[in-house]
1. Looking only at other chains, what is the average number of their beta-carbon atoms within 10 angstrom of each beta-carbon in B:122-129?
2. Determine the sum of side-chain charges near B:Arg111: Lys and Arg each +1, Asp and Glu each -1, restricted to other residues whose C-beta is under 9 angstrom from that of B:Arg111.
3. If you bin every alpha carbon distance in the stretch A:2-178 into 5 Å steps from zero, what whole percent lands in each bin?
4. Within the stretch A:2-178, what is the number of lysine pairs with alpha carbons under 27 Å apart, leaving out pairs fewer than eight places apart on the same chain?
5. Sort B:Thr108, B:Thr122, A:Thr5 so that the residue with the fewest other Cβ atoms within 10 Å of its own Cβ comes first and the one with the most comes last.
6. Using just the helices of the protein assembly as shown, give the 222 nm mean residue ellipticity in deg cm²/dmol: DSSP H runs with n ≥ 4 each add -39,500 (n - 2.57), and the total is spread over all residues, rounded to 500.
7. Can you list, largest first and rounded to whole Å, the semi-axes you get for the stretch B:1-51 by taking the square root of 5 times each eigenvalue of its Cα gyration tensor?
8. Report the semi-axes of the equivalent ellipsoid for the stretch A:1-45 in whole Å, largest first, where each axis is √(5λ) for an eigenvalue λ of the Cα gyration tensor.
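None of the figures in this text is laboratory data; all of them are computed from the coordinates on show. Please read all numbers here as calculations on a predicted model, not as lab measurements. FYI the Cβ positions are ideal-geometry reconstructions off the backbone, even for glycines, and counts take in every protein chain you see.
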Amino acid sequence: MIFITGGVRSGKSAFAEKYARRLGENKLLYYVATGVSFDDEMKKRIVRHQWDRQNQNATWNTVEMQVQIPLTIQQLSKDAVVLFECVTTWLSNVLFNYEAECKNSEYINNCIESLQKQLLAWHQQGATIVVVSNEVLDELPSRYNEVNLYRKLLGELHQWIVQHSDEAYEVQYQLVQQWK
Amino acid sequence: MFIILGGAHNGKRAYVEDLIAQLPTKKLVKYEGILPRIEEETEDKRIIISNFEQIVLPHLHQPEELVAQQIFERIAETSALAEVFCICTDTSRGIVPLEKEARQLRDTCGRLYQKLCNEGHTVVRVWYGIPQILKGAHYGQN
């Protein structure tokens, strides 16, 4: 597993996509998109990402998801490369469902556990996983409890992913620092 | 003095605990959101100071430099008597807060962390559990 984070507009997606493509021409590329196009701005962001991928000499199988990993990609071959983009929007989807559907806090833990299990399962199947996320923890706590819960869950999940990754990178304005 | 830097929920505390486990045993005292009382400190003690935001918060009516200097001096005096670990949560890389008090808090903590990093013999940044030594022996290494 490979973990890649960075600030907004840091070049982390481009680095992640290039990394995935460099793994070889015979690989099956899966782009797992967790962004939900709930407004015009998000639609534009998604179109920009789609456009970037179309302009590459590679074929991406795009899989859209919100919280649960779709059944069709739960079992993959060792030739598969999964680019999971990204942990921050995935966790927002989890917390959004939790609030919108008044679920209990077990729901959040179960979602996180099932994502962790799937990442480990892909690893065991021999697939390569590239996980993208954002650096959002270097500021003062929010006055909103929901945001602070999000920060805590995200930080802990990042720690777990880094611990289970073979390589971990932080991207700052296209400059890449390999932490692991 | 050891300074441990990093964003919130990045594993700074766990790193300090791992580090301490490798050092000779000493009596450990934790100060969260308060400054150590100097008269209680002796050389056989190891001290962890954390939650600097809480320490700074009651003093925001005073100038940033003065507050940072006063807190720094207390910690430096403590450090002369005991082994001190400062856990500093980096809050300096977000959007400028709208509230004046939050801006002052962030600025004062930043000023204080500069002084602590200048004084400390070892400064380590922790990124999701991975340490990077920014100052001291083994500079640049994990």
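1. Numbers: counts 0, 0, 0, 0, 1, 11, 18, 9.
Counting other chains' Cβ atoms within 10 Å and averaging over B:122-129 gives 5.
2. -2
3. 1, 8, 16, 21, 22, 17, 9, 4, 1, 0
4. For the stretch A:2-178, qualifying lysine pairs total 17.
5. On the way: B:Thr108 25, B:Thr122 18, A:Thr5 28.
With the fewest neighbours first, B:Thr108, B:Thr122, A:Thr5 line up as B:Thr122, B:Thr108, A:Thr5.
6. On the way: 9 runs with 132 residues, N = 322.
Helix contribution divided over all residues of the protein assembly as shown: -13500 deg cm²/dmol.
7. Numbers: eigenvalues 79, 47, 11 Å².
Over the Cα atoms of the stretch B:1-51, the ellipsoid semi-axes are 20, 15, 7 Å.
8. After diagonalising the Cα gyration tensor, the semi-axes are 23, 14, 9 Å.
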